[in-house]
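Peer 1: Handing you a structure now.
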Amino acid sequence: MTGCRVEVCPDPFDPWQQLALWGGDEAAAAIFIGRVRPTTTDGRPLEALELEHFPGLCERQITAMAQRLQQEHRAGPILVLHRVGRLAPGEPIVLVAVQADRRGAAQRCSAALLEQLKHQAPFWKREWCAGQGTWLVANTPL
């Protein structure tokens, strides 16, 4: 089994450039790029999404999730990049890429990792709308 690269990024990243640098030669890859939605959870125009995290702890928890799922699904290399800070609508917020010798393993591992990131990674999110920030108490459903 090969490695996991996990980064929590305060600065914007280009997902396609990161994927090109990541490389790899497994037969299959499942890739997910998430962008900030243009509306708040209640449908109003979103000004910005702000994410906070506990540095060090957050990366360790995501790495542990990725390694556990990598082993469970017999996947190859995993790449996880997740933004923090203030993001505008349309900006990439997360990149998850999983390689494996078969598409099923890559897809299942990627889907499971995305769900764990969404519901278990220690991020705190605040939506900004008309100059007002509102902390989110729950994540959006699948």
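Peer 1: Among all residue pairs at least 6 apart or on different chains, which show Cβ distances below 7 Å where the first residue, located in region 4-23, is assigned to a helix (DSSP H, G or I) and the second is open to solvent by 80 Å² or more (accessible area, probe 1.4 Å)?
Peer 2: Filtered contacts from region 4-23: 19/31.
Peer 1: Shifting gears a bit: Within region 39-58, how many residues turn out to be in a helix (DSSP H, G or I) and open to solvent by 30 Å² or more (accessible area, probe 1.4 Å)?
Peer 2: Total meeting the criteria: 1.
Peer 1: While we're looking at this one, here's another question. Considering only region 73-92, how many residues are within 11 Å of the chain's Cα centre (by Cα) and surrounded by fewer than 23 Cβ atoms within 10 Å (Cβ to Cβ)?
Peer 2: 3
Peer 1: Could you please let me know if residue 26 is of a type outside the set (Gly, Ala, Ser), more than 13 Å from the chain's Cα centre (by Cα) and not in a helix (DSSP H, G or I)?
Peer 2: So residue 26 passes the test.
Peer 1: Looking only at region 25-38, count how many residues are loosely packed, with under 14 Cβ neighbours inside 10 Å and either within 16 Å of residue 76 (Cα to Cα) or of a type in the set (Gly, Ala, Ser) (or both).
Peer 2: 2
Peer 1: For the subset of region 59-71 comprising residues that are open to solvent by 20 Å² or more (accessible area, probe 1.4 Å) and in contact (Cβ under 8 Å) with a residue 40 or more places away in the chain, which member is farthest from residue 14 (Cα to Cα)?
Peer 2: So, considering only residues that are open to solvent by 20 Å² or more (accessible area, probe 1.4 Å) and in contact (Cβ under 8 Å) with a residue 40 or more places away in the chain, the one farthest from residue 14 (Cα to Cα) is 71.
The values are calculated or read from the model by the stated rules, or taken from the named source; none is laboratory data. Bear in mind that the values here come from a model prediction, so they are computed numbers and not experimental data. Virtual Cβ from ideal backbone geometry, glycine too; neighbours counted across all protein chains shown. In case anyone asks, the SASA skips ligands and DNA or RNA and just uses the protein heavy atoms, side chains included. Shrake-Rupley method; radii C 1.70, N 1.55, O 1.52, S 1.80 Å.
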